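Worksheet: one structure, shown below.
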Amino acid sequence: MRSITFALAVLLALLAPAGFAQQPSETVEIDAHASTTPLPHFWEQMFGSGRANLSMRQDYREGLRAVKQITGFQYVRFHAILHDENGVYDEDAQGKPVYNFSYVDHIYDGLLANGVRPFVEISFMPKKLAARLDYQAFWYKPIASPPADYAKWDALITALAQHLVDRYGIDEVSQWYFEVWNEPNLDFWTGRPAQQTYFELYDHTARALKAVNPRIRVGGPATAQAAWVGDMIAHATQNHVPLDFVSTHVYGNDTSHDVFGDNRPIPPHQMVSAAVDKVHKQIEASARPHMPLLWSEFNATYMNESPITDSIYMGPWMADTIRQCDGKVDMMSYWTFSDVFEEQGPVKTPFYGGYGLITEDDIPKPAFNVFAMLHKLGDERIAEPEDDVLVTRRKDGTLVIAAWNLVEPEATGPDKTITLDLKGVAPNARVNIERSDAQHGDTLAAWDRMGKPRYPTVAQIAELKKASQPGPPEVRTLDSDHITLTIPQKGLALIEIQ
């Protein structure tokens, strides 16, 4: 409930001195013994990353280990396992296929050695198998063409799947996911008509994988802008094509026109949840209403916008996205865990609006601390009436509450005071409060104060890593039935009550 009525708020505003901005406040009533719903940590089970070949770099693996330590990270997804730089496919002088899986082994061995499984995106087209040399615009020039010969494509997929089963065993590989292609509704696929030719690719790929072993999990359509999911389920059902899950993508700055086909007003911090809700309802209304939904890419923006992905804004944005998507999706893959990433070429400066939680120089961004904080949420959710809190409970009874003050990236706003009115909490309970805000781990601001060095020195990198530390939690002892705290603009607080 709000701590003041609307009428009283209006009266106070009228009585306030000119130029005085009243600090908003609210009270949230929390019953520690209230009924709950499950809160599986769907937002931290999978991350995206730079293309497959980059996973053999030391800094990639160091970043992977760092993110694994702070999250429930189980899967990683990347593009281009079949790209020619990995040497998977060639042909001899007679046009007979020649396979080489040595780099595939190095790539997947490195993931598994660090406790992370592959979410295998089957892409892109090897040059000698492509119908046309349709290069997509990424710096590493993936080929977006359909295969010239589907018999050769089927044989490649069969050989790849059989090799993985032989190397790792079906008990391991059956726990992976195999996703056919990436965003075929955009310029990553040049078959025409796009959907019809993608379905042809999907059918061949899914059947080839299942022919090796029916326990291999396969799905799609891996579209941008939450597209084609209903059509994908209908196609697979009508044509008896294997489909173990559906996948799609959306970003906070995707437009309503692209996602919904209209101009409904949706603010950027609600676009991901609106798209998830759309697809969730499509699945419920389909012939396969219990089909798992794996959201294999999402973030606040698909552009390189430093005031968003490098900033403290990601705290409230991420917490609010979790709040809204809960119960509608099985797994979501934040794009990406690291800025070891070269779709636009080698990284030119550390804070350029990259998607990762960590810069290429291994400097944690605010988003890194945000994921570390949100990992501590319980696995049971207590319903809350407000749209800026998430109330959870762990199995041991600890209450864990996320509270935030969402102000859009280029805007400014006042601090917000939140009072947690508690019921059923033991007297003298211990309270820990962690924060992500301008005073706690804001490495982008620290880099700005340095003068935005394009190539930070070793000493500057060390200074930025130190600035990334949010500091120890504030510790209180509960001496009444409420806790009051102030959250600055774009801030996130995590409150543990034990």
Item checked: Subset of region 193-215 (residues that are of a type outside the set (S, T, N, Q), assigned to a loop (DSSP other than H, G, I, E, B) and out of contact with any Pro (no Cβ under 9 Å at 6 or more places or on another chain)) -> Pro193, Arg215
Next item on the list: Output the residue which, of all residues in region 25-52 that are open to solvent by 40 Å² or more (accessible area, probe 1.4 Å) and charged (D, E, K, R), is farthest from Ser102 (Cα to Cα).
Entry: Glu29
Margin query: Being open to solvent by 50 Å² or more (accessible area, probe 1.4 Å) and more than 22 Å from Tyr202 (Cα to Cα) is the requirement here; does Arg264 meet it?
Written below: yes
Notebook entry, point to check: Taking the stated definitions as given, is Asp254 under 20 Å from Leu293 (Cβ atoms), of a type outside the set (Val, Ile, Thr) and at pLDDT 95 or above?
Noted result: yes
Check: Within region 111-144, can you find the residues that are small (Gly, Ala, Ser), open to solvent by less than 10 Å² (accessible area, probe 1.4 Å) and out of contact with any Leu (no Cβ under 8 Å at 6 or more places or on another chain)?
Finding: Ala144
Next item on the list: Mind listing whichever residues of region 402-439 are touching a helix residue (DSSP H, G or I) at 6+ places or on another chain (Cβ under 6 Å), in a loop (DSSP other than H, G, I, E, B) and among the aliphatic types (A, V, I, L, M)?
Entry: Leu406
Margin query: Residues that are in a loop (DSSP other than H, G, I, E, B), more than 23 Å from Gln498 (Cα to Cα) and open to solvent by 40 Å² or more (accessible area, probe 1.4 Å): does region 373-381 have at least one?
Written below: no
Notebook entry, point to check: What helices (runs of 4 or more DSSP H), lying completely within region 260-346, carry at least 3 residues that are in contact with a strand residue (DSSP E or B) (Cβ under 9 Å, 6 or more places away or on another chain) and not basic (Lys, Arg)?
Noted result: 268-284, 314-325
Next item on the list: Select from region 356-372 the residues that are of a type outside the set (A, V, I, L, M), assigned to a loop (DSSP other than H, G, I, E, B) and either under 18 Å from Met46 (Cα atoms) or open to solvent by 10 Å² or more (accessible area, probe 1.4 Å) (or both) and list them in ascending order.
Entry: Gly356, Glu360, Asp361, Asp362
Notebook entry, point to check: For region 216-244, what are the residues that are among the aliphatic types (A, V, I, L, M) and either part of a helix (DSSP H, G or I) or modelled with pLDDT under 95 (or both)?
Noted result: Val229, Met232, Ile233, Ala234, Ala236
Check: Within region 453-467, can one find any residue that is out of contact with any Ser or Thr (no Cβ under 9 Å at 6 or more places or on another chain), touching a residue at least 12 places away in the same chain (Cβ under 8 Å), small (Gly, Ala, Ser) and closer than 27 Å to Asp320 by Cα?
Finding: no
Next item on the list: Pick out the one residue from Gly353, Gly327 that is at positive phi, open to solvent by 10 Å² or more (accessible area, probe 1.4 Å), modelled with pLDDT of 95 or more and not hydroxyl-bearing (Ser, Thr, Tyr).
Entry: Gly327
Notebook entry, point to check: What tally of residues in region 446-484 results from selecting those that are open to solvent by 80 Å² or more (accessible area, probe 1.4 Å), under 21 Å from Pro364 (Cα atoms) and hydroxyl-bearing (Ser, Thr, Tyr)?
Noted result: 1
Checklist line | Residue, nearest to Asp84 (Cα to Cα), within region 118-162, restricted to residues that are among the aromatic types (Phe, Trp, Tyr) and not in a loop (DSSP other than H, G, I, E, B) | finding: Tyr135
Checklist line | Members of region 48-107 found to be over 23 Å from Gln162 (Cα atoms) and among the aliphatic types (A, V, I, L, M), listed by number | finding: Leu54, Leu64, Ala66, Val67, Ile70, Ala93
Notebook entry, point to check: Quick one: in region 72-117, which of the residues that are hydrophobic (A, V, I, L, M, F, W, C) and in a strand (DSSP E or B) is farthest from Trp153 (Cα to Cα)?
Noted result: Val76
Notebook entry, point to check: Exactly one of (1) open to solvent by 30 Å² or more (accessible area, probe 1.4 Å); (2) touching an Asp or Glu at 6+ places or on another chain (Cβ under 8 Å) is unmet by Gln439. Its number?
Noted result: (2)
Item checked: Residue check, Ala383 in contact (Cβ under 8 Å) with a residue 24 or more places away in the chain and under 21 Å from the mean Cα position of the chain (by Cα) -> no
Check: So, of the residues in region 408-423 that are hydrophobic (A, V, I, L, M, F, W, C) and surrounded by 19 or more Cβ atoms within 10 Å (Cβ to Cβ), which turns out to be farthest from Ile322 (Cα to Cα)?
Finding: Leu422
Next item on the list: Please specify each residue of region 292-317 satisfying the condition of being open to solvent by less than 10 Å² (accessible area, probe 1.4 Å) and among the aliphatic types (A, V, I, L, M).
Entry: Leu293, Leu294, Ala300, Met314
Checklist line | Condition met for Gln175 (of a type outside the set (Phe, Trp, Tyr) and assigned to a loop (DSSP other than H, G, I, E, B)) | finding: yes
Item checked: In region 454-498, the residues that are of a type in the set (Asp, Glu) and closer than 30 Å to Leu420 by Cα -> Glu474, Asp479, Asp481, Glu496
Next item on the list: State which residue is least open to solvent (accessible area, probe 1.4 Å) when the search covers only region 53-78 and only residues that are among the charged types (D, E, K, R) and over 21 Å from Lys376 (Cα atoms).
Entry: Arg77
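The values are calculated or read from the model by the stated rules, or taken from the named source; none is laboratory data. Please read all numbers here as calculations on a predicted model, not as lab measurements. Cβ sites come from the backbone with ideal geometry, for glycine too, and all protein chains shown count toward neighbours. Quick note on the areas: whole protein, heavy atoms, side chains included, nothing else; ligands and nucleic acids left out. Shrake-Rupley method; radii C 1.70, N 1.55, O 1.52, S 1.80 Å.
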